[in-house]
1. Mind counting the residues in region A:92-105 that are closer than 30 Å to B:Asp36 by Cβ and either outside any helix (DSSP H, G or I) or not basic (Lys, Arg) (or both)?
2. Name the pairs: first residue in region A:7-23 and under 16 Å from A:Trp56 (Cα atoms), second residue at pLDDT below 75 and surrounded by fewer than 17 Cβ atoms within 10 Å (Cβ to Cβ), Cβ to Cβ under 8 Å, at least 6 apart or on different chains?
3. Restricting to region B:38-58, what's the tally of residues that are facing another protein chain (nearest Cβ under 10 Å) and touching a Ser or Thr at 6+ places or on another chain (Cβ under 9 Å)?
4. If a residue has to be aromatic (Phe, Trp, Tyr) and in contact with a Cys (Cβ under 6 Å, 6 or more places away or on another chain) to count, how many in region A:48-81 make the cut?
5. Restricting the search to region A:77-102, which residues are without any contact (Cβ under 8 Å) to a residue 24 or more places away in the chain and facing chain B (nearest Cβ under 8 Å)?
6. May I ask you to verify whether A:Glu68 is farther than 28 Å from B:Ile27 by Cα and either touching a residue at least 24 places away in the same chain (Cβ under 8 Å) or β-branched (Val, Ile, Thr) (or both)?
Number of protein chains: 2
Amino acid sequence: MDHTETDSGERQKSIEALREMIRDIHIAMLTTRSEDGGLRSRPMITAQHEFEGQLWFFTHADDPKVSEIVKQSAVNLAYANPEQDRYISITGQAELVHDRQKIELLWTDELEQWFPQGFTDPSLALICVNVSEAEYWGANRNQLRGIFQELFFETEQNLKHDRLKWTGTAS
Amino acid sequence: MDHTETDSGERQKSIEALREMIRDIHIAMLTTRSEDGGLRSRPMITAQHEFEGQLWFFTHADDPKVSEIVKQSAVNLAYANPEQDRYISITGQAELVHDRQKIELLWTDELEQWFPQGFTDPSLALICVNVSEAEYWGANRNQLRGIFQELFFETEQNLKHDRLKWTGTAS
């Protein structure tokens, strides 16, 4: 196995691990940077899509967060499952995607409650987050001590929480 | 009632509302901006302290997130209670505080699991977040439609989620 194949295999493993971690957490807090430098977040529903390195979200193209993303594409997605003491930080670059085919592909009927005009709504657009790094804090209920050591002792116990990182494509 | 008194009253109401919203959510995702411009978040336990405009967190002074905060103080705190469909975004400025009296004041014995050396640990410090803006999305389970309209229709239905904003002091 040459170097490229190893990298590609590692990337695929990271993708699958992250996919499992966020599978049951439908709502993420998306943090963007405003023009005044302030960081703001808002809950977003993750579109049902097999995670392969990008995360997709429905939006209206004229939403304030969209103009923030266009100006500064660096975002964070925080997925929290407090019941299971599971917390995931995803660092990435967001872009606004106007792709009617993709909108139709990712559309599910439950979205109609939030986008009552349906997927033909001309103001509908997608936010695609290209994931560059993900970090994970997790524990079973009876291992609570575990997470918080990871959480507060990043310097000394850096390996106790997992960081998944990949770049490039998985040809 | 003059203008100053009104502002002060409004601020106090905002503070109390936010205090109630986050009271039962002990862990927040704290997002900071790295030197490379990437946004990263990590779970943090909110110190037990009556909220009056600042939120406090224990940390080790040599933690990587501390150096990020020192360089770029703009942070976001995301509080999520998925069970109750409650999401809060807090925008603020963070500062590292080395104050042994404050550390002792905010210390609770449960923190020992994460800071086993206790509050006399010389590397222990506090992160103080001065809140400048908070936004809230919430609904009862049977009002689920509500949140997501707020969430996705920020432009048209701006008033459906609450934004609390204050500046200055409440003296």
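The values are calculated or read from the model by the stated rules, or taken from the named source; none is laboratory data. Treat the numbers as computed from the prediction; the structure is a model and nothing was measured. Cβ placement follows ideal geometry from the backbone for every residue including glycine, while neighbour counts extend to all protein chains displayed.
1. 8
2. Note: pairs meeting the criteria are A:Ile15/A:Ala170.
3. Of the residues in region B:38-58, 8 are facing another protein chain (nearest Cβ under 10 Å) and touching a Ser or Thr at 6+ places or on another chain (Cβ under 9 Å).
4. 1
5. A:Pro82, A:Glu83, listed by residue number.
6. Here the answer is no, as A:Glu68 does not meet what is asked.
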